[in-house]
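Report on the following structure.
None of the figures in this text is laboratory data; all of them are computed from the coordinates on show. Fair warning: this is a prediction, and the values are worked out from it, not measured in the lab. No Cβ is skipped: glycine too gets one built from the backbone with ideal geometry, and neighbour counts run over all protein chains shown.
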Amino acid sequence: MDLGLQGKKAILVGAARGIGMAVAETLAREGCDLAITARSEDSVKDAVAHLSRYGGKVIGKPVNVKKVDDYKAWLEWAIETLDGVDILIPISSSGGGMGSEKYWTNAFEVDVMGPVRAVEAVIPKMTEQQSGSIVLIATTSAAEAMGGPQAYNAMKASLVTWGKQLALFHGKDGIRVNVVSPGPVEFEGGNWDMIKGTMEKFYQSQLRQQPTGRLGTPDEIARCIAFLASPAASWCNGSHLTVDGGFTNRTHF
């Protein structure tokens, strides 16, 4: 299937590792020009060098999403340097944690306001050209009670509602907005890799809940995100796609 991504201009926030890098690589292979960011300058440089081998334009600079002025300036730079934007995928996340108000502050600033500020930056250009695709990244922990009362779960849940509202409001402008909720994903240096080494019993309990007997991979999530972002998914708007190998127990009607 031709996803129709050749020459599209995509902005990815948080794309130097894990799911973000897998999405960036998938889009690069499909012919997209990319603007990427992460907090570490070295990781962004390495990612830009790696992604540039696919032949498209790849730009990147480090930025901390919580530093509002710097982040807004980065978004403006990305749009200007790419000479437009067709796709936005804000992926950065603060991660989980319980027991302190700091987790609520971090989750709100990164997982909610990070996407909000990115969407606000791209909407004018997408409206002007009467086309655009936005994919927000939630989590299966937003749909079921998992891992205790965490700010991360609650903040991610808000993206599902907000994504639907954006889709309904901006559909008239040719802008599609969809949400992807990944289940547990394992990769070297990621959260589940760490849990495997420090909380073996908990890790094994999660494996037992997986119908396939394993956790997901970044590439398996990335391909679904890339499809929703692409013109091949032109009739998907306001959708919420759970990608978890059957991990969650909900029945979707």
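Taking amide H as placed 1.01 Å from N in the peptide plane, S133 has its amide H under 5 Å from the amide H of I87, L88, R176, each at least 5 places away in sequence or on another chain. Residue by residue, the range 199-211 carries 3J(HN,Hα) couplings of 9, 4, 5, 5, 4, 5, 5, 6, 4, 5, 7, 7, x Hz when phi is fed to the Karplus relation 6.51 cos²θ - 1.76 cosθ + 1.60 (θ = phi - 60°); x denotes Gly or Pro.
Applying 1/(1 + (r/R0)^6) with r as the Cβ-Cβ distance of A73 and S131 and R0 = 30 angstrom yields a FRET efficiency of 0.75.
Hand me the GluC sites (Glu not before Pro) from the range 168-247 located in a DSSP loop with no more than 13 other Cβ atoms within 10 Å, in residue order please.
Details: sites: E186, E188, E200, E220; in loops: E186, E188.
Loop-located and lightly packed - E188.
How long are the semi-axes of the equivalent ellipsoid of the chain, taking √(5λ) for every eigenvalue λ of the Cα gyration tensor, in whole Å from largest down?
Whole-Å semi-axes of the equivalent ellipsoid: 27, 20, 19.
Using alpha carbons only, how many angstrom separate the centre of the range 216-253 from the centre of the range 63-89? If you average the Cα positions of each part, the centres end up 25 Å apart. Fully extending the segment from T217 to D42 would add 60.6 nm, taking 0.36 nm per residue of separation and subtracting the current Cα-Cα distance.
Give me the percent of Cα-Cα pairs in the range 111-253 that sit more than 24 Å apart, rounded to a whole number. Beyond 24 Å sits 35 percent of the P(r) for the range 111-253. Counted by neighbouring Cβ atoms within 10 Å, the residues D33, D219 run from fewest to most as D219, D33. Label zone (M1, point 7 Å along Cα-to-C-beta; backbone nitrogen cut-off 11 Å) within the range 213-253: 224-236.
Counting other beta carbons within 10 Å of each residue's own, what order do L207, L88, L51, L228 fall into, fewest first? Working shown, then result.
Working: L207 15, L88 30, L51 25, L228 22.
Ascending Cβ contact count within 10 Å gives the list L207, L228, L51, L88.
In sequence order, the range 235-247 has phi-based couplings of 9, 9, 8, x, 7, 10, 9, 8, 10, 9, x, x, 5 Hz under the Karplus curve 6.51 cos²θ - 1.76 cosθ + 1.60, θ = phi - 60°, and Gly or Pro positions carry x. Counted over the range 1-144, the DSSP beta bridges are approximately 0% antiparallel. Spacing of the modelled spin labels on D173 and N64, each 7 Å from Cα toward Cβ, amounts to 3.0 nm. At the listed q of 0.10, 0.11 Å⁻¹, the Debye profile of the range 53-182, built from one uniform point per Cα, gives log10 I(q)/I(0) equal to -0.35, -0.42.
Taking N as the residue count of the range 1-69, its C-alpha radius of gyration divided by 2.2 N^0.38 Å amounts to 1.07. Rounded to the nearest whole Hz, the Karplus-based 3J(HN,Hα) values (6.51 cos²θ - 1.76 cosθ + 1.60, θ = phi - 60°) of the range 173-185 follow the sequence 9, x, 9, 9, 10, 9, 10, 10, 10, x, x, x, 10, with x at glycine and proline.
If R0 equals 41 Å, the separation of the Cβ atoms of R53 and R208 corresponds to a calculated FRET efficiency of about 0.55.
According to the Kirkwood expression over distinct Cα-Cα pairs, how big is the hydrodynamic radius of the range 1-120, in Å? Please list the in-between numbers first.
Numbers: mean 1/r = 0.0690 Å⁻¹.
Radius from the Kirkwood sum: 14.5 Å.
Near the amide H of L241, within less than 5 Å, lie the amide hydrogens of V179, V180, S181, all on another chain or at least 5 residues away, with H placed in the peptide plane. The angle separating the long axis of helix 113-129 from the principal Cα axis of greatest extent in the chain is about 30 degrees. Measure nothing but the geometry: give the 0 to 90° angle between the long axis through the Cα atoms of 68-82 and the longest principal axis through the Cα atoms of the chain, rounded to 10°. Relative to the chain, helix 68-82 is tipped by roughly 50 degrees. So, R0 is 22 Å and r is the distance between the beta-carbons of S234 and V116; what FRET efficiency does that work out to, to 0.05? Result of the calculation: an efficiency of 0.30.
Between amide H atoms placed 1.01 Å from N, distances below 5 Å from S94 occur with D111, all of them 5 or more places distant or on a separate chain. Per-residue Cβ neighbour counts within 10 Å put I123, I36 in the sequence I123, I36, beginning with the fewest. The angle between the Cα long axis of helix 218-229 and the main principal axis of the chain comes to about 40°, on a 0 to 90 degree scale.
Directionally averaged projected area (the range 152-220, Cα convex hull): 6.3 nm².
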